[in-house]
Each structure stands twice: as structure tokens, then as C-alpha cells.
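Enquirer: Just passing along the structure, written as C-alpha cells.
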Amino acid sequence: MNPAANPAEWRCADRAVVLLGAAVADLRRDRGRAQAVVAGAAGLHPSQLSRFELGRRGATLTQFTRLCVVLDLHPARVFTHALPAHWPPKPVPSAPTLIDPHGV
């Protein structure tokens, strides 16, 4: 996917996928669970979980929910761990607009 060709909102969503995958990896390791064991219990191939944890692919809602169940996590806990309180980040205009002629 070429980020330059996507709207800012898509890049924000892509970043969220990376952060959520990293949060799942952190929380899985905190619980001392092996990636292959968690993947199998969630009905995923270990490579699918690996790619999700590395932010190389997203997970479906079903897959994400299964991971939460297997790890005994409330989904909100994963989001809280992954995303800063000020999410989504506000885009900074790169040029003046009619609404904000100073471009700030």
C-alpha cells in the first residue's frame, strides 16, 4: 500500500493496526504465552499472528476477539494499551486554508 496515495485518515488507520498488533504482542508476552500456542488456540496460523503483531497485516474483528478471549483480555484493554489518549492524532495542515489562513 502506498501511503502517499491514501488520505490521512487511512494512514492513521494503518498506524492503529501497527500499534494494536504491538500491543497484542506485548500483552501476550506479559502473560508468558508462546505465539504458536496463542495462534492455534485462536484458530490462526502462527504466521498470521506474527504478521499482525508486526503490523504487516490487520486482523478481522473475529480474529481480534478470539485473540482477546485466548489471552483473557478485554478488547478495551488492548486499545488502551495500544493507542494514546489523544487518538486519533489531528492532522497538521501543510498550507493555509480558507478556514485558517495562517496554516496552523
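Enquirer: For region 3-82, what is the Kirkwood estimate of the hydrodynamic radius, computed as the reciprocal of the mean inverse distance between distinct Cα atoms, to one decimal in Å? Spell out each step's value before the answer.
Expert: Working: mean 1/r = 0.0789 Å⁻¹.
About 12.7 Å for region 3-82.
Enquirer: Here's another thing I want to ask about it. Go through 54, 23, 8 and say which Cα lies farthest out towards the positive end of the charge dipole of region 3-82; charges sit on Cβ, +1 for Lys and Arg, -1 for Asp and Glu.
Expert: 54
Enquirer: Mind checking the full-extension length gain between residue 9 and residue 60? Use 0.36 nm per residue of separation minus the Cα-Cα distance, one decimal, nm.
Expert: This chain segment gains 16.5 nm when fully extended.
Quick note: the coordinates plus some simple rules give every number you see, no bench work behind them. Only a predicted model underlies this, so the values are computations on that prediction, with no experimental measurement involved. With ideal geometry, Cβ positions are generated from the backbone for all residues, glycine too; neighbour counts draw on all protein chains shown.
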